[in-house]
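Have a look at the structure below, then the notes.
The values are calculated or read from the model by the stated rules, or taken from the named source; none is laboratory data. Given the structure is predicted, the values throughout are model-derived calculations rather than measurements. All Cβ positions, glycine included, derive from the backbone under ideal geometry; neighbour counts span all protein chains shown.
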């Protein structure tokens, strides 16, 4: 696992802020539009289904007109006080059936949109660039700083700064330029990241048991 560093960039560093802003804006506007459009769709389906059910129900003109004016309230539509017991039961059944039809239509619409989104992603989203690796080796992503990786050993058995301060750490990373051992961004001190900003040494390796990943801070990707 690579905490807090999971994406591969397909844009220039100078455009990261703009890209992030566009992405967030589109996501929020899309959510607002989805709520509004789906709400209108549900209202239209409910009104149509309720009208069909009321047309076949045995209701007085006054009750029919009163119920028709309550269509905007969906399942919470009020039943007129002048309605008889039989009319009340008929209106309740019509409203319940119309609500079920409306929710079913919304579910079908959501499934259709999800299918279209998956199709669009399959056709338009390309995979991350990678260099094919030999048999039995890990996939290597292009990085411009691998030449700075040296044969180094961990200078300490734990995070250097945490050991000095008497603090605890979560996940250890070793700098592959000088052997510095620091805690990752899941730790309070984030000393591995602090070491990178202080020295500019770009690539670290996980020191956690069973983990072999390496991370380049500059390229912001696994190497």
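Quick notes on this one:
- In the stretch 214-223, residue surrounded by the most Cβ atoms within 10 Å (Cβ to Cβ) [restricted to those that are touching a strand residue (DSSP E or B) at 6+ places or on another chain (Cβ under 7 Å) and modelled with pLDDT under 90]: 223
- Any hit, the stretch 182-196, residues being more than 34 Å from the chain's Cα centre (by Cα) and at pLDDT 90 or above: no
Here is a yes/no grid of residues against (1) at pLDDT 85 or above; (2) over 21 Å from residue 107 (Cα atoms); (3) surrounded by 13 or more Cβ atoms within 10 Å (Cβ to Cβ); (4) more than 41 Å from the chain's Cα centre (by Cα):
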{"site": "35", "(1), (2), (3), (4)": "yes, no, no, no"}
{"site": "66", "(1), (2), (3), (4)": "no, yes, yes, yes"}
{"site": "70", "(1), (2), (3), (4)": "no, yes, yes, no"}
{"site": "73", "(1), (2), (3), (4)": "no, no, no, no"}
{"site": "78", "(1), (2), (3), (4)": "no, yes, no, no"}
